[in-house]
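Reviewing the structure listed below.
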Amino acid sequence: MSLSSAGRKRLTTTLVVVLCLAAGTLVGDRFLPFRGTGAPYQRACSRILSSFDMGFIPQNTLTGRRIITTEFEETGRGDDHWLACTVFADGELQLHARVRVTTADKDTWLEETRRRKLLLGRERPLDIVINRAPEGLEGKDYTALSGDSSAALRLPCKLPGDKNVHLSVTVTAPGASDGDSDEQRLTIAGIASLVASHSVLKAGCLEPAPAPDDSPGFAS
């Protein structure tokens, strides 16, 4: 059955509209003037980092917007507390945050952290300003270090039953654009502090509990 002239015209118009919409979507999604705004990062760590500027991880390439995905796992309280947050771009790891409970002393914890490559490159001490801490540990029994595109914290936590443990918090950002700049180091340290503050509550650390500043600085 052949189409009438009017039918052919309607079919041609429909095809043109469909092609224009497809081209517009392609241009808007892939080319420079219409790049994305970083909104996918707002879901990182189950929105724990929703207020954080994740611009230090480039979302775009010269050919267009990258596909951003996030994974988040969190289980348990007390000794069983564990958290992992991962951000991928185009399937490649960009950021990994991890929290676990440890009874290891400072030297053992630090050795293991370095061995697992969770604290990279040149290390610098951080001042994370613990505002509250378990009695007898106020502001003195914590470790906070910045590395290249990484940060590691060891925070005191008293659990029910008068059990003293520590929260081990590490953040590595292999997708960071400039791992050794002061600004970027402090941004990654701020992510570690924010995740730590979340886990202090989720793990069930008794009051008074450590409250790290989410805008840390370098220790003098």
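Among Phe88, Phe56, the sequence by solvent-accessible area, most first, with a 1.4 Å probe is Phe88, Phe56. Restricting the calculation to Cα atoms, every distinct pair contributes to the Kirkwood radius of segment 73-220, found to be 15.1 Å.
Sort Ile191, Ile68 by accessible area with a 1.4 Å probe, largest first. Intermediate values should be presented prior to the final figure.
Working: Ile191 0, Ile68 20 Å².
Per-residue accessible area, sorted high to low, gives Ile68, Ile191.
At the listed q of 0.15, 0.27 Å⁻¹, the Debye profile of segment 135-220, built from one uniform point per Cα, gives log10 I(q)/I(0) equal to -0.54, -1.34. Solvent-accessible surface (1.4 Å probe) assigned to Cys205 amounts to roughly 20 Å². Across Asp213, Asp107, the residue with the most accessible area heads the list, and the full order at a 1.4 Å probe is Asp107, Asp213. Here segment 42-83 has 46 percent of its accessible surface on carbon and sulfur atoms, given a 1.4 Å probe and all protein chains in place.
The values are calculated or read from the model by the stated rules, or taken from the named source; none is laboratory data. For clarity, every value in this text was computed on a predicted model and none was experimentally measured. For the accessible areas, the whole protein counts, side chains as well, though only heavy atoms, and no ligand, DNA or RNA atoms are used. Shrake-Rupley method; radii C 1.70, N 1.55, O 1.52, S 1.80 Å.
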